[in-house]
C-alpha cells in the first residue's frame, strides 16, 4: 500500500513538473501592443503601425494571419526568417501583424477573406501591392525588395 502511494505521488510530481515547464516554455506570441513572429516585432493594429509609419516615413507591411493557418506557419518559419528578407523587413518597413481571429476590425477594413494575406502600403495607407496567399522565400524576397525600392525611389 505504501509503495502505491509513493508511486502516485511521484507520478503527480512528474506531471506537475511537465505542465509547469510546458506552460513556461511556450514563447510569447503577443502582448498589448505587439505580436512577435519570426523574431520580428509587429504592431497588433493598423492604426498603431500607421502612426509610426507616418512619423518615420516608412512603408507599411501588413501581414494577415491566424494561429490555425498552415501556410501562415510556413511564412513565419521559412519566409520571414530568410536572412535577406528579415533584414529588409526589420530595417525598411513598419510591420503590422493582424491576427484575423482577434482583430476583426482591421480584417474588415482591408476586406481580407483568408490567410495568409500580405499588403504593402504607403505611410498614408495607399496600396502599393497586395499578395494573397503563401509565397516561397525567394519570390517573397524579390517582392519586398521591389516594393522597398519603388517606395524609396519615389518618396522625394
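Taken together, the values in this text are just the output of simple stated rules run on the coordinates, not laboratory data. Note that this is a predicted model, so its numbers are computed, not measured.
Full extension from residue 142 to residue 111: what is 0.36 nm times the residue separation minus their Cα-Cα distance, to one decimal in nm? Can you show the working numbers first?
On the way: separation 31, 0.36 × 31 = 11.16 nm, distance 2.52 nm.
Result: 8.6 nm gained on full extension.
Over the Cα atoms of the range 34-154, Rg to Rh with Kirkwood Rh, two decimal places?
Radius of gyration over Kirkwood radius for the range 34-154 works out to 0.92.
Compute the relative contact order of the range 34-154 as a whole-number percentage, counting only Cα pairs closer than 8 Å that sit 6 or more residues apart in sequence.
Relative contact order, the range 34-154: 32 percent.
Test of understanding: what is the full-extension gain from residue 104 to residue 3, defined as 0.36 nm times their sequence separation minus their Cα-Cα distance?
My answer for the length gained is 30.8 nm.
With just the Cα atoms defining each centre, how far is the range 130-156 from the range 69-116? Give it in Å.
Taking the Cα centre of each part, the range 130-156 and the range 69-116 sit 13 Å apart.
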